[in-house]
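Some notes on the structure that comes next.
The values are calculated or read from the model by the stated rules, or taken from the named source; none is laboratory data. The structure displayed is predicted, hence computed values, not measured ones. Positions of Cβ are generated from backbone atoms using ideal geometry, with glycine treated the same way; all protein chains shown enter the neighbour counts.
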4 protein chains.
Amino acid sequence: MDFSLTPSLVALQERTRTFVNDIVIPRERDPRRAQHGPSDDLRRELVGHARDAGLLSPQLPRELGGLGLSYVEKAVVFEAAGYSMLGPVALNCAAPDEGNMHLLDAVATPEQKERWLRPMAAGETRSCFCMTEPHPGAGSDPSLMKTTAVKDGDDFVINGRKWLITGADGAAFTIIMARTIIDGEDVGATMFVADLPTSGFRIDRELVTLDSSFTGGHAEILLENVRVPASDILGQIGQGFRNAQVRLVPARLTHCMRWLGAARRAHDIAADYARKREAFGAVIAAHQGIGFMLADNEIDLHTARIGIWHTAWLLDQGERAGLESSMLKVYCSEAVWRVVDRCVQILGGMGVTGDTEVERIFRDIRAFRIYDGPSEVHRWNIARKLNKAAA
Amino acid sequence: MDFSLTPSLVALQERTRTFVNDIVIPRERDPRRAQHGPSDDLRRELVGHARDAGLLSPQLPRELGGLGLSYVEKAVVFEAAGYSMLGPVALNCAAPDEGNMHLLDAVATPEQKERWLRPMAAGETRSCFCMTEPHPGAGSDPSLMKTTAVKDGDDFVINGRKWLITGADGAAFTIIMARTIIDGEDVGATMFVADLPTSGFRIDRELVTLDSSFTGGHAEILLENVRVPASDILGQIGQGFRNAQVRLVPARLTHCMRWLGAARRAHDIAADYARKREAFGAVIAAHQGIGFMLADNEIDLHTARIGIWHTAWLLDQGERAGLESSMLKVYCSEAVWRVVDRCVQILGGMGVTGDTEVERIFRDIRAFRIYDGPSEVHRWNIARKLNKAAA
Amino acid sequence: MDFSLTPSLVALQERTRTFVNDIVIPRERDPRRAQHGPSDDLRRELVGHARDAGLLSPQLPRELGGLGLSYVEKAVVFEAAGYSMLGPVALNCAAPDEGNMHLLDAVATPEQKERWLRPMAAGETRSCFCMTEPHPGAGSDPSLMKTTAVKDGDDFVINGRKWLITGADGAAFTIIMARTIIDGEDVGATMFVADLPTSGFRIDRELVTLDSSFTGGHAEILLENVRVPASDILGQIGQGFRNAQVRLVPARLTHCMRWLGAARRAHDIAADYARKREAFGAVIAAHQGIGFMLADNEIDLHTARIGIWHTAWLLDQGERAGLESSMLKVYCSEAVWRVVDRCVQILGGMGVTGDTEVERIFRDIRAFRIYDGPSEVHRWNIARKLNKAAA
Amino acid sequence: MDFSLTPSLVALQERTRTFVNDIVIPRERDPRRAQHGPSDDLRRELVGHARDAGLLSPQLPRELGGLGLSYVEKAVVFEAAGYSMLGPVALNCAAPDEGNMHLLDAVATPEQKERWLRPMAAGETRSCFCMTEPHPGAGSDPSLMKTTAVKDGDDFVINGRKWLITGADGAAFTIIMARTIIDGEDVGATMFVADLPTSGFRIDRELVTLDSSFTGGHAEILLENVRVPASDILGQIGQGFRNAQVRLVPARLTHCMRWLGAARRAHDIAADYARKREAFGAVIAAHQGIGFMLADNEIDLHTARIGIWHTAWLLDQGERAGLESSMLKVYCSEAVWRVVDRCVQILGGMGVTGDTEVERIFRDIRAFRIYDGPSEVHRWNIARKLNKAAA
């Protein structure tokens, strides 16, 4: 057993931290950081700095300009990047692009990779992933998918409604998941890629959301006769859910990594405040009521980090790690939530103002207990896996 | 023992509910409901409807146009009003005005009441309460107050900085708490009233805050040589903290009442959704994971309500109820928080969007664990009271 | 609304407290208090004292020698009695006898009452209630009942296995719940009464249990051709589950009352210790870490008490209060558990020794989250009731 | 980074599991397993089997007959041993002997090791550790120590009172911590070793305790003029607290390892039951309410295990790991508590009976949140370390 980080990984961690502190954090108050994450202008500026620092798209293979990081290495670097909500944007490892790049790298054809992955790897483009649908469509239960892709000659014609589509505004292309109908028969879900803008793909409305750091925000999308040639299918027809798993299991863990960094940031801000703010005769960090919260934060962050490393290592060993990544997703999403909620409480009145990044992190991080599988769905899946294994 | 509501109270509760459902809730999507609560225009429209319905300022004595409600009656009516975040605004029983009116009614001179209370009772004016200061001034520990009022002839000249001042923008007057210096001697904190605008009172900035339902938002205030004549002192010189207690103990309980209504609203929205939204073969309310959350919501709401009623009854008996109101504030603020957080979770992706009121209630209600005494300060006060009583 | 206790109730509360302090608590170290509650000798001694004090069977009608208490009055007196685990034994209001007496009073014939209820009301006899069965029989789900009563002439012949039967050892009679077979047809569950000892009723074994305060302990019972004449049926044939509800809804609430007293006792012991035990420069009650626990205890006890009073009042109004009693059972059983667990923690090493009553209360109280419906079954019932009401 | 276990460690884990399943668990119902752990007879029988299996004292150096395990290896083997409460007794790695052997190995002279460590390493003797004192002496705050050792010629004469002394009954020797007085001057705490029985060392009483698995139980000890020659001092005079740290930091982690095994055992029993016990139309594991508990158990066990491994690895690197071991102690003691409490709940009525080992584990494991530093003391230490590090 070995928990040590290699010297080169420590160096990369340090470089990432320096980059975030020196380049990214100073831009958090940039007015181009709007209601829905950074403007494309600010995003490109950040990406440019990351490129100069040799930190762009570190998770991608070297032939795509990345650093070819393993999952364990990603755990370390993504946490460091996540220390600012703008950090993953700068390093081009934010959701949903990071997951989409991973998916393309895993299942796209060489031609598809050149067309969609390479420019995105370079930080030139963004993308979105059209899977979730409004009630009564596919949410936590993807089997309820209502969107259809009907074969029409060599094309597929897609109709449906998607929502909570992150980053649709400004995306260069989209991956669309749809039930596929060939000759009147439902052959299962398939992933299609469509350049944007494209005829029939319409942002019906931008959603007002609790969070505000995802580039491009979240939109409701209307798909009206979107025509996609068969050559732009991602993977195989009817393999959409299998592909989704390729994307989701690691994506859920990379979310943990980034949010861990954000929670650590909130903790550092709150702890720093607690060591300066006086009340009732001492700095509040010296009162046990606050001290215990700081200790609990540290415990939550510590256990989440070690757990992430373990599951990352499993993925590096080529294991599917479905059970472990579910457990870590539940644990981590709830642990970082506890941490950030305590930070708000420690900051008192300041905690509910935008005077520190904690207020934004608090709003941003809430949804992590919901997306990539709500805690309830994961708990149920874990139980069923355990019951099945015991049978 | 008797938990029954009188027929007239039940009728008033019903009238309030009908008013909120028919008049208030339809205006929740009014564009005049901006980032910082309703515009003055919308507020006046709502107040007008409440006046027509005979529901304006129900907590005030009849000679001021109110309904002369007891605390128990307030518990019932304020909960019903709080079912919409705009309800207390309409009924003119929202914070901070409700507390300020209570304070003026309790300690102001007849002339002061005519000047400041009567117009506010009629819903014509709003007010603010300048007590909290930024670090290193008075927050949870009021003894750290830095703002001073120096006697100068028949006037007092106030200097200092206040923040998290709710409703300052648009207020017709302010109550200012300041350490009072007479002939170079600190004679304790005093409350001063100043009409707004007034020379030297400046809104330094509007704060960006997590919540968005308080009329006028929250501001940081600069007080530079604000001159207040001695006749505009509220209560006695040096009795500021005593007056603050007159305001705070009931204000903390009326907050519980209103937030209970808001939490019930969130619960109704989430429960309604859970009974319609299908996933994994049934509506999600029929899955135990969600069902248990609905049950826990109901338990939290129920116990909070009964507890509020009890403390309200104690206040109606003329008791100070300092211990009980502290306990209820902690319990209720944490119970409604649990409820609303569960509602977000039940709603899933929709919970973090503005598509329902739950997202707003979630943001609005977080601060209740902090203001009027953070849970930590109350817990510590409760412990000290118990220890002292046992000594 | 009125939360006041009548002067006569306050006087009765005071008398009960005095009795518990002066007569009962001194006997807690009596060696006749064995592994399974007090010996019959000790029980009779305690009952005698309660009779002398005019406190025996206070929940029963005056014609049976009781005080004819309402539910609200029971709430006050049972809490006072519960302050010692021996208190309800002394007052003859402990489980399962209290529930059995309530059931007999509600559904027995005059002859049955004379035969079984009157001697028990006088504290001369004890009883047991044979309902729960071992796996795969009736537990939380009573529909799984395996015990049968087959009509044979004017008698019924009962066969089956019951367990967790509290107080079987030493009981003068038992109530047995069994599926009833007449002419080969299952006509539903029926309650039978059988004097003990009786042929075919055998205590197969005494269970080793976490708790140790229930008189007679808990046993596994073998029923082999127990013959009961039709005249000894309690209520109507096939109405067993309906009768069980008559017993269970109030029994669940009277449990809350008694356990609240026990939790208050634990809290008083822990708080007293915390105000004497020094560590790190002060008594530990003066450290916030312990102070917060004391405050949380007080909040839990307070909210549980008010909630119990409310449901008791509903029962006094003749309401069924099924939803409220379920909510209170969950809330109260979990609140008192939190309290007693905190008490163990506050006492530190002493908390896990028998040097204080807290260790016993901790063991005794754990099962309350399980019997009379586990929290999980109640939560599910609450959810279903709410869903049904909303439908 | 590497989370893999070496093949030899996996083999040792497997051998330990087999040993526990085949040899130890069948003896859990042995009547010689009394109120206070196994009788010496049963202990020797178990130790003999472990010796035969090559598993005795695996944590000790090979020259003492052990397997020379690293901390990571201990983590794996101790968890496997802890799967039965008798497992660590069999392997001679139970508290307090395991910690005492570690201490002797670290600080004793070669002569002392021959005299006290070697026979204990062979499983022939047991020991106790006299540190904790009753109120108002040394508990969580060791600075309150009242026991004194006064130099008298070449000897020290010890007087005082100790309690919660585990394993005193039957111990071959004891380590005594006492404030040391030389020529009237307090020179700090020192550790003394005394063979038992010895004049003046008296077991004042056996404590009744919640737990029942520690060999020899827990006693209150009276020390009256216990005379110890200077040669029997362990380590240096005045270095008692430093030595205690040598013992406590690893002892706290080895406790985590063993309790993790016990919690896993409880979970396996409860999960197995949940997959067989039917209620409401399905096995209860198939109801989400129970399923979520099983999932939470798995998450708690998983995160605790990974965290233990990490701190064990730090110790193997020669780090002091004071912060990490404190964090893990708090996390692990609370996580295993949650697990076992859920197991009781899942088992329902059976959970509070001795019909499964869960009831015993529940009683045994409660104290782990208290000894080796209560959660509250650790949280406070963690906070202070963090505050200090940030200063």
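Does residue C:309 qualify as being away from chain D (no Cβ under 11 Å) and modelled with pLDDT of 95 or more? Don't jump to the end; show me each part of the working.
Values: away from chain D (no Cβ under 11 Å): yes; modelled with pLDDT of 95 or more: yes.
It is true that residue C:309 is away from chain D (no Cβ under 11 Å) and modelled with pLDDT of 95 or more.
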message = Of the residues B:129, B:78, only one is under 30 Å from residue A:270 (Cβ atoms) and aromatic (Phe, Trp, Tyr); which?
response = B:129
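Which of the residues spanning segment B:349-361 are crowded, with 24+ Cβ neighbours inside 10 Å and either at the interface with chain A (Cβ under 7 Å from one of its Cβ atoms) or under 20 Å from residue B:296 (Cα atoms) (or both)? Can you show your working first?
Here is the first cut: in segment B:349-361, the ones crowded, with 24+ Cβ neighbours inside 10 Å are B:350-352, B:358-359, B:361.
Passing the criteria: B:351, B:352, B:358, B:359, B:361.
Among the residues of segment C:182-190, are any crowded, with 20+ Cβ neighbours inside 10 Å and under 28 Å from residue D:354 (Cα atoms)? Before you say what the answer is, go through the steps one by one.
At the first step, the residues of segment C:182-190 found to be crowded, with 20+ Cβ neighbours inside 10 Å are C:189-190.
Cutting the leftovers down to under 28 Å from residue D:354 (Cα atoms) gives us none.
No; the residues of segment C:182-190 include none that is crowded, with 20+ Cβ neighbours inside 10 Å and under 28 Å from residue D:354 (Cα atoms).
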remark   = Taking first residues from segment C:123-135 that are more than 22 Å from residue C:243 (Cβ to Cβ) and second residues anywhere that are of a type in the set (Phe, Trp, Tyr), the pairs with Cβ under 7 Å that are 6 or more apart or on different chains are C:134/C:163
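Scanning segment A:362-385 for residues that are over 23 Å from the mean Cα position of the chain (by Cα) and without any contact (Cβ under 8 Å) to a residue 24 or more places away in the chain, which turns out nearest to the other protein chains (Cβ to nearest Cβ)? So that I can check it myself, show each step before the final result.
Of segment A:362-385, the ones over 23 Å from the mean Cα position of the chain (by Cα) are A:383-385.
Next, from what is left, pick out any that are without any contact (Cβ under 8 Å) to a residue 24 or more places away in the chain: A:383-384.
On the way: A:383: 3, A:384: 7 Å.
Within segment A:362-385, the match that is nearest to the other protein chains (Cβ to nearest Cβ) is A:383.
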task = Scan segment C:41-71 for residues that are surrounded by 22 or more Cβ atoms within 10 Å (Cβ to Cβ) and at positive phi and report the count.
result = 1
key: Residue under evaluation residue A:390, criteria (1) surrounded by fewer than 24 Cβ atoms within 10 Å (Cβ to Cβ); (2) within 12 Å of chain B (Cβ to nearest Cβ), criterion not met   = (2)
Some residue of segment D:218-240 being touching a Pro at 6+ places or on another chain (Cβ under 8 Å), within 14 Å of another protein chain (Cβ to nearest Cβ) and at pLDDT 95 or above = yes
query = In this structure, does residue D:201 turn out to be more than 14 Å from every other protein chain (Cβ to nearest Cβ), hydrophobic (A, V, I, L, M, F, W, C) and either closer than 20 Å to residue D:157 by Cβ or in contact (Cβ under 8 Å) with a residue 12 or more places away in the chain (or both)?
reply = yes
ask   = Does segment A:320-339 contain at least one residue that is more than 24 Å from residue A:368 (Cβ to Cβ) and touching a residue at least 24 places away in the same chain (Cβ under 8 Å)?
value = no
request  = Looking only at segment A:209-221, decide whether some residue is closer than 14 Å to residue A:149 by Cα, of a type in the set (Asp, Glu) and in contact with a Phe, Trp or Tyr (Cβ under 8 Å, 6 or more places away or on another chain).
outcome  = no
Residue under evaluation residue C:259, criteria (1) within 11 Å of chain B (Cβ to nearest Cβ); (2) in contact (Cβ under 8 Å) with a residue 24 or more places away in the chain; (3) under 28 Å from residue C:327 (Cβ atoms), criterion not met = (1)
ask   = Restricting the search to segment C:349-372, which residues are touching a Ser or Thr at 6+ places or on another chain (Cβ under 7 Å) and closer than 30 Å to residue D:280 by Cβ?
value = C:363, C:364, C:368, C:369
task = Would you check if residue D:305 is part of a helix (DSSP H, G or I) and over 22 Å from residue C:366 (Cβ atoms)?
result = yes
Within segment C:140-174, tally of residues that are surrounded by 19 or more Cβ atoms within 10 Å (Cβ to Cβ), within 14 Å of chain D (Cβ to nearest Cβ), assigned to a loop (DSSP other than H, G, I, E, B) and in contact with a Pro (Cβ under 9 Å, 6 or more places away or on another chain) = 1
task = State all residues of segment B:331-348 that are within 9 Å of chain A (Cβ to nearest Cβ) and in contact with a Ser or Thr (Cβ under 8 Å, 6 or more places away or on another chain); if no residue qualifies, say none.
result = B:345, B:347, B:348
task = Working only within segment C:271-282, note down all residues that are within 7 Å of chain B (Cβ to nearest Cβ) and under 29 Å from the mean Cα position of the chain (by Cα).
result = C:271
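Against the definition (in contact with a Gly (Cβ under 7 Å, 6 or more places away or on another chain) and either away from chain C (no Cβ under 13 Å) or in contact (Cβ under 8 Å) with a residue 12 or more places away in the chain (or both)), how does residue B:285 come out, yes or no?
In short, yes.
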key: Condition met for residue A:138 (in contact with a helix residue (DSSP H, G or I) (Cβ under 9 Å, 6 or more places away or on another chain), at pLDDT 95 or above and on the phi < 0 side of the Ramachandran plot)   = no
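In segment C:346-377, what count of residues is obtained for those that are assigned to a helix (DSSP H, G or I) and farther than 14 Å from residue D:341 by Cβ? Even if it seems obvious, please write down each step before you answer.
Going through segment C:346-377, the residues assigned to a helix (DSSP H, G or I) turn out to be C:346-352, C:358-369, C:375-377.
In the following step, the residues that additionally are farther than 14 Å from residue D:341 by Cβ were identified as C:346-352, C:358-361, C:364, C:377.
Qualifying residue count, segment C:346-377: 13.
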message = Suppose the filter is at pLDDT 95 or above and more than 21 Å from the chain's Cα centre (by Cα); does residue B:199 pass it?
response = yes
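So which residues in segment D:119-139 are more than 19 Å from the chain's Cα centre (by Cα) and more than 9 Å from chain C (Cβ to nearest Cβ), if there are any at all?
Of all residues in segment D:119-139, those more than 19 Å from the chain's Cα centre (by Cα) come to D:119, D:134-138.
If the condition is that a residue be more than 19 Å from the chain's Cα centre (by Cα) and more than 9 Å from chain C (Cβ to nearest Cβ), then D:119, D:137, D:138 are the ones that fit.
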ask   = What single numbered condition from (1) surrounded by fewer than 17 Cβ atoms within 10 Å (Cβ to Cβ); (2) within 22 Å of residue C:301 (Cα to Cα) fails to hold for residue C:74?
value = (1)
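Give segment C:141-172 a look and list any residue that's among the charged types (D, E, K, R) and either at pLDDT below 95 or farther than 27 Å from residue D:289 by Cβ (or both), or say none. So that I can check it myself, show each step before the final result.
Here is the first cut: in segment C:141-172, the ones among the charged types (D, E, K, R) are C:141, C:146, C:151-152, C:154-155, C:161-162, C:169.
Within segment C:141-172, C:141, C:151, C:152, C:154, C:155, C:169 qualify.
Here are some residues: D:90, D:50, D:81. Which one is of a type outside the set (D, E, K, R) and in contact with a Gly (Cβ under 6 Å, 6 or more places away or on another chain)?
Values: D:90 fails: in contact with a Gly (Cβ under 6 Å, 6 or more places away or on another chain); D:50 fails: in contact with a Gly (Cβ under 6 Å, 6 or more places away or on another chain).
Only one candidate qualifies: D:81.
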